[in-house]
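Since the structure comes first, as structure tokens, the remarks are kept for the end.
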Amino acid sequence: MSKSNATSGSNRHLARESALEVLYAWHSSACDNGAIPGLIAGRIEEEDRKQQDVEYMRLMVHGVIDDRENLDAKITTVIKRSLRSIATLELNILRLSTWEMTTRLEIPYKVIINEALELAHDYADESARGFINGVLDKLAKQLRSAEIDSKK
């Protein structure tokens with residue numbers, strides 16, 4: 001989905017893009033929580049983001065930041081390398097998706113994975129997309145096993 005294909009009304013894909021950009025900037029600023037309000041405000045003011053679900057974007061950003069240690073612990077259970085070896089962009093896509101899998105049970109895990117892959121397609125390279133897909137598939141088996149079993 002390209003940025004120009006935004007649907008009218010509240011758009012969660014745009015909110016996810018903004019949340020990813022905020023988290024990337026936050027991480028790049030040495031995780032300065034004082035920078036968050038300004039970073040969020042900047043994403044809200046962007047002309048191409050006028051249709052985003054602003055409240056969902058805020059919820060995601062604060063959810064990931066507040067629960068970062070727990071999210072990172074979940075991610076490390078399914079990878080064979082250190083989180084420090086993962087590019088900041090990829091790590092924040094994984095954090096956003098893991099947060100959604102653990103807190104937004106009304107969103108099917110396949111939708112969460114697809115959205116993560118869309119972000120990876122727009123912001124990272126093909127190898128990152130494959131890595132993210134593999135990690136999220138493994139996490140879904142842990143975090144959404146009942147949902148997966150009900151589909152069988």
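The values are calculated or read from the model by the stated rules, or taken from the named source; none is laboratory data. Keep in mind that this is a model prediction, so the values were computed, not measured. Cβ coordinates were reconstructed from backbone atoms using ideal geometry, including for glycine residues, and neighbour counts include every protein chain displayed.
Residues in segment 104-152 that are of a type in the set (S, T, N, Q) and more than 13 Å from the chain's Cα centre (by Cα): Ser127, Gln142, Ser145, Ser150.
With (1) farther than 20 Å from His13 by Cβ; (2) modelled with pLDDT under 95 as the list, and Phe131 as the residue in question, which single condition is left unmet? (2) is the only condition that Phe131 fails. For Glu100, state whether it is farther than 22 Å from Ser29 by Cβ and in contact with a Lys or Arg (Cβ under 8 Å, 6 or more places away or on another chain). The answer is no for Glu100. With respect to (1) in the same structural domain as Leu117 (by TED's automatic domain parsing); (2) over 11 Å from the mean Cα position of the chain (by Cα); (3) within 19 Å of Glu115 (Cβ to Cβ), the lone exception for Arg81 is condition (3). Would you say Ala146 is closer than 22 Å to Arg12 by Cα and among the small types (Gly, Ala, Ser)? So Ala146 fails the test.
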